[in-house]
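Participant: Before I ask anything, let me first share the structure, which is written out below as structure tokens.
The values are calculated or read from the model by the stated rules, or taken from the named source; none is laboratory data. All of these numbers come straight from a predicted model, not from anything done at the bench. Heads up, the Cβs are rebuilt from the backbone with ideal geometry, glycines too, and the neighbour counts pull from every protein chain shown. The area values use the complete protein model at the heavy-atom level, side chains included, leaving out ligands, DNA and RNA. Shrake-Rupley method; radii C 1.70, N 1.55, O 1.52, S 1.80 Å.
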Amino acid sequence: MKALLLTFGLSLLAALQAQAFPTTEENQDVSGTWYLKAAAWDKEIPDKKFGSVSVTPMKIKTLEGGNLQVKFTVLISGRCQEMSTVLEKTDEPGKYTAYSGKQVVYSIPSAVEDHYIFYYEGKIHRHHFQIAKLVGRNPEINQEALEDFQNAVRAGGLNPDNIFIPKQSETCPLGSN
């Protein structure tokens, strides 16, 4: 009886995970410029200070073999710094790894055209984390895409109350180079 319950529980969990992260097309094109529209963490966001965060567009380039190069600029200690990372393609469509396999990234097409949800999970300094990000091809907020993102955040087990919407900036703020 215990084995039957365990099998049922594991299959239910697998079905729920499959619902949260739908399979994606093998040839999805995520190259180009993307704007971060919203993000959510699995941790509590202190004082919701992220509303004042300004983000620049990220550039994604498909490399040979299907890997993705992601470039973006961040403000660190008052200085703008360009960051770059490579997401390594896996055998599973829409699934990538980063930082020597320490992070897994899922690229999930939104129900709204020209929008994707990037779902990250991994460990940093022995702390497990989950992050979901809604990105779109233009900087304007699309209410339908935001609602789709809220549903995906719930399905992924994250708290929709932890969603924040950053301010868009084409370049890093003046005087911060």
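Participant: When you check residue 134 against the structure, is it touching a helix residue (DSSP H, G or I) at 6+ places or on another chain (Cβ under 6 Å) and either open to solvent by less than 60 Å² (accessible area, probe 1.4 Å) or not in a loop (DSSP other than H, G, I, E, B) (or both), yes or no? Quick ask: steps written out before the conclusion?
Facilitator: On the way: touching a helix residue (DSSP H, G or I) at 6+ places or on another chain (Cβ under 6 Å): yes; either open to solvent by less than 60 Å² (accessible area, probe 1.4 Å) or not in a loop (DSSP other than H, G, I, E, B) (or both): yes.
The answer is yes for residue 134.
Participant: Identify all residues within the range 61-112 that are part of a loop (DSSP other than H, G, I, E, B), under 18 Å from residue 32 (Cβ atoms) and open to solvent by 50 Å² or more (accessible area, probe 1.4 Å); write none if there are none.
Facilitator: Just the residues of the range 61-112 that are part of a loop (DSSP other than H, G, I, E, B), to begin with: 63, 67, 77-78, 90-94, 99-102, 110-112.
The next check asks that each one be under 18 Å from residue 32 (Cβ atoms); those that pass are 63, 67, 94, 110, 112.
Selection gives 63 alone.
Participant: Related question: Which numbered condition trips up residue 24, out of (1) over 23 Å from residue 143 (Cβ atoms); (2) modelled with pLDDT of 85 or more; (3) out of contact with any helix residue (DSSP H, G or I) (no Cβ under 8 Å at 6 or more places or on another chain); (4) surrounded by 16 or more Cβ atoms within 10 Å (Cβ to Cβ)?
Facilitator: Of the numbered conditions (1) over 23 Å from residue 143 (Cβ atoms); (2) modelled with pLDDT of 85 or more; (3) out of contact with any helix residue (DSSP H, G or I) (no Cβ under 8 Å at 6 or more places or on another chain); (4) surrounded by 16 or more Cβ atoms within 10 Å (Cβ to Cβ), the odd one out for residue 24 is (2).
Participant: Inside the range 119-168, can you point out the residues that are over 17 Å from residue 42 (Cα atoms) and among the polar types (S, T, N, Q)?
Facilitator: Matches in the range 119-168: 138, 142, 143, 168.
Participant: Tell me which residues, restricted to the range 138-152, are exposed (fewer than 14 other Cβ atoms within 10 Å of the Cβ) and either in a loop (DSSP other than H, G, I, E, B) or touching a Lys or Arg at 6+ places or on another chain (Cβ under 6 Å) (or both).
Facilitator: Selection gives 140 alone.
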